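S.K.: One structure, pasted below without further comment.
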Amino acid sequence: MTKPLYVTRPDLPELETFLPYLQQIWQSGVLTNNGPFHQQLEQALQDYLGVDYISVFNNGTNALLVALQALELKGEVITTPFTFLATTSSLIWQGLTPVFVDIDPVSLNLDPNAIVAAITDKTCAIMPVHCYGNPCDTSAIRAVAQQHGLKVIYDAAHAFGVKHQGQSVLQQGDLAVLSFHATKVFNTIEGGAVICHSAQMKQKIDRLKNFGIVNEFKAEAAGINGKMNELQAAFGLAQLPGLAGALQRRAKVHQYYCDALARIPGLQCVPLLADGAPNYAYFPILVTDEFGMSCKALYEALKAKSIFARRYFYPLTPVLLDMDIDESCYPVAADAAERVLCLPMSGSLTQAEQDLVINAIIEVCGKD
Ligand SMILES: Cc1ncc(COP(=O)(O)O)c(C=O)c1O
């Protein structure tokens, strides 16, 4: 039996880099509540990412919840059905109504024209996702938002470090939200962050992630516990020095797949669209009719060979949540969901492991 290959393998910092942080935690006894490593990580990420202000969280979902709460939204939020559950569920948790519109067939991100068509007098915001780290059409989305007085919250869970049109994509929108989950390009085991553009907004977000506490005798609002603890922050700090190398390795993995899969008719690699720094977070392919086998069949055949590719994002979020919304509202997203498969991708994936994946695909489809 071959060793299973999963869609991703978490990047860990060097143990020798992590241990001194642990010693300091053991010495200080400070485990959480805006401790020194929490503060250091915020400063380090602000510099690394080139963003105005950042508030780190214990996971990306809590970061999304607080971002929505901080903007004091009410009503409908236009969003994509082609995403992970947390994008939609955070809206529902905040009492907002998700309105799903279609995506662009190339970027697989929200189609700005579809956004315009869905605006009603109840619309308060747009929540696009930079899917797989590919930047949304941020200029068009900004123009629509300005024209209609809407807030924009980017779910940037996949977009750590992505640069486009001369700056970090995380600078776009009123707020942008990152995930530092173990499966992400940069991880703090579990974790996340909200990026904002003023000291006042950062203070509000910092309070909301700490139960809303202003001082011992006053709370700003009914906040939650979204605080990142010191072990998570230390793990993140220990990981930063190795990040450039990990991204270079991911770039090589990406190119090797592209070259090999170009020889197999019917498989389309989703293009990298960031003109600055892409982050190679995922390796999604679309299985077209020419391949002669469905995406589902390919997924199952690979699984039988212990290769656990993932059908991100199938089924679409409204289907997963049984929301009774007609898929004809978003035909491009429905089609992409049927065809997309994310192949194993990580900075530590070896060429031999990639050959296993590529040869397995060639074998199951009978094309050589
Ligand atoms: C698009 C998207 N949004 C939100 C999240 C939630 O982030 P977290 O797992 O850190 O809570 C994820 C997940 O991993 C995601 O892929």
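The values are calculated or read from the model by the stated rules, or taken from the named source; none is laboratory data. No experiment lies behind these values; they were computed from the predicted model shown. When we count neighbours, we look across all protein chains shown, and the Cβ atoms used for this are built from the backbone with ideal geometry, even at glycine. Each accessible area value is taken on the protein alone, full model and side chains, heavy atoms only, with ligands, DNA and RNA left out. Shrake-Rupley method; radii C 1.70, N 1.55, O 1.52, S 1.80 Å.
Per-residue answers, yes or no, for (1) within 16 Å of the ligand (Cβ to nearest atom); (2) farther than 30 Å from GLU16 by Cα:
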| residue | (1), (2) |
| --- | --- |
| GLY173 | yes, yes |
| ALA176 | yes, yes |
| PHE180 | yes, no |
| GLN200 | no, yes |
| LYS209 | yes, yes |
| LEU237 | no, no |
| ALA251 | no, no |
| CYS258 | no, yes |
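S.K.: A further question follows. Kindly evaluate GLU300 against the criterion of being touching a Gly at 6+ places or on another chain (Cβ under 8 Å), farther than 28 Å from ALA156 by Cα and open to solvent by 70 Å² or more (accessible area, probe 1.4 Å).
M.R.: Criteria not met by GLU300.
S.K.: Using beta carbons and a limit of 7 Å, which pairs, at least six apart or on different chains, have the first residue in the stretch 316-331 and not assigned by TED's automatic domain parsing to the domain that holds ALA86 and the second one among the aromatic types (Phe, Trp, Tyr)?
M.R.: LEU316/PHE82; PRO318/PHE100; ILE325/PHE100; CYS329/PHE100; TYR330/PHE100
S.K.: Would the stretch 205-218 turn up any residue that is at positive phi, open to solvent by 70 Å² or more (accessible area, probe 1.4 Å) and under 20 Å from the mean Cα position of the chain (by Cα)?
M.R.: no
S.K.: Need the failing condition index for TYR256 against (1) part of a loop (DSSP other than H, G, I, E, B); (2) within 30 Å of LEU49 (Cα to Cα), just the number.
M.R.: Checking TYR256 against (1) part of a loop (DSSP other than H, G, I, E, B); (2) within 30 Å of LEU49 (Cα to Cα), the one that fails is (1).
S.K.: Take the residues in the stretch 303-329 that are open to solvent by less than 20 Å² (accessible area, probe 1.4 Å) and not polar (S, T, N, Q); name whichever of them is nearest to the ligand (Cβ to nearest atom).
M.R.: Among them, the one singled out is PHE313.
S.K.: Take GLY236 and tell me if it is assigned by TED's automatic domain parsing to the domain that holds GLY161 and not basic (Lys, Arg).
M.R.: Considered against the rule, which asks whether it is assigned by TED's automatic domain parsing to the domain that holds GLY161 and not basic (Lys, Arg), GLY236 comes out as yes.
S.K.: While we're on this one: Within the stretch 343-368, track down each residue that is outside any loop (DSSP other than H, G, I, E, B), in contact with a Phe, Trp or Tyr (Cβ under 7 Å, 6 or more places away or on another chain) and buried (at least 19 other Cβ atoms within 10 Å of the Cβ).
M.R.: LEU343, GLN354, CYS365
S.K.: Looking at the structure I just gave you, is ALA233 closer than 24 Å to SER179 by Cβ, modelled with pLDDT of 95 or more and in a helix (DSSP H, G or I)?
M.R.: Against the criterion (closer than 24 Å to SER179 by Cβ, modelled with pLDDT of 95 or more and in a helix (DSSP H, G or I)), ALA233 qualifies.
S.K.: Look through the stretch 143-157, keep the residues that are touching a residue at least 40 places away in the same chain (Cβ under 8 Å) and surrounded by 24 or more Cβ atoms within 10 Å (Cβ to Cβ), and return whichever of them is farthest from the chain's Cα centre (by Cα).
M.R.: So the residue we want is ILE153.
S.K.: Can you confirm whether THR61 is in contact with a Ser or Thr (Cβ under 8 Å, 6 or more places away or on another chain) and within 21 Å of VAL144 (Cα to Cα)?
M.R.: no
S.K.: At least 2 residues that are open to solvent by 10 Å² or more (accessible area, probe 1.4 Å) and within 16 Å of the ligand (Cβ to nearest atom) in each: list the helices (runs of 4 or more DSSP H) lying fully within the stretch 40-142 that qualify.
M.R.: Here the list reads 60-70, 85-93.
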